1. What ranking do 195, 287, 214, 254 get, fewest neighbouring Cβ atoms within 10 angstrom at the top?
2. I want to check the label-to-label distance for residue 154 and residue 187. Put each point 7 Å from Cα in the C-beta direction and report it in nm to one decimal.
3. Please tell me the relative contact order of the stretch 3-297 in percent, rounded to the nearest whole number, where contacts are Cα pairs under 8 Å and at least six residues apart.
4. Mind checking the full-extension length gain between residue 162 and residue 133? Use 0.36 nm per residue of separation minus the Cα-Cα distance, one decimal, nm.
């Protein structure tokens with residue numbers, strides 16, 4: 001096949017999505033044109049900052065198979081002053097575009113198991129609906145849920161970091177698909193969806209280690225499959241958060257512009273990293289997420 005045609009297939013949908021996001025973001029902010037206070041240098045700097053945050057989050061997500069919520073959420077909450085509830089809804093909204101861009105990028109590069117994605121994503125949608133309902137009942141216990149998640153993440157964080165350093169990792173051939181476990185995928189997808197609805201994160205933090213260690217998935221295939229699975233979860237979860245009034249649409253669109261570009265760059269660069277290197281990166285990332293959840297329970301907020 002002509003190399004230029006391959007490049008067009010890889011990036012044309014992303015360029016279309018990026019164009020749509022730019023048009024939407026422009027229309028949102030032009031609607032505020034009557035308020036001269038919104039057209040200031042400070043608001044411009046904030047807009048650029050949001051795009052840069054999205055770019056970093058998308059790049060990280062494209063490489064390690066997450067939607068970037070754990071990067072965007074603390075950044076806009078602690079650095080930019082968005083209330084926690086708005087930060088959760090806005091980042092989940094932006095993850096929709098991260099997952100679409102990164103998932104497609106991995107699909108065209110054959111880093112994605114389509115049947116596994118469908119078996120994970122279908123039940124995951126039901127899980128998101130249930131989790132979103134449970135969230136309304138468990139809002140006073142969100143910090144406890146965070147503690148539980150933080151403790152649970154310590155195991156994959158330590159194990160992946162250990163293997164990433166070459167300490168005891170078993171050598172196995174990287175394949176092009178995940179061993180079929182339809183029932184297991186369905187249960188796992190449902191649980192991930194429910195956690196997405198409850199804690200407002202995209203689900204990649206649990207999908208990646210779960211697919212690798214529970215289902216024996218190849219590392220590269222895991223990253224693409226995780227992002228693709230997050231598409232329906234983020235769409236449903238983000239729509240619910242928007243209906244509840246927890247999405248700053250303008251900020252979400254600017255984050256999405258950055259994540260769409262970053263996710264493509266990450267997907268393109270993933271095979272430039274060794275499997276163990278990816279495990280080390282993801283393991284260290286999980287240590288950060290674990291520390292954030294655990295310290296948050298005790299009232300200590302870290303970035």
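1. Sorted ascending by nearby Cβ count, the order is 214, 287, 195, 254.
2. 2.5 nm
3. Computed value for the stretch 3-297: 39 percent relative contact order.
4. Stretched fully, the residue 162-residue 133 segment lengthens by 6.7 nm.
Every number here is computed from the coordinates shown, using simple stated rules; none is lab data. Bear in mind the structure is a predicted one, so any value in this text is a computation, not a measurement. When we count neighbours, we look across all protein chains shown, and the Cβ atoms used for this are built from the backbone with ideal geometry, even at glycine.
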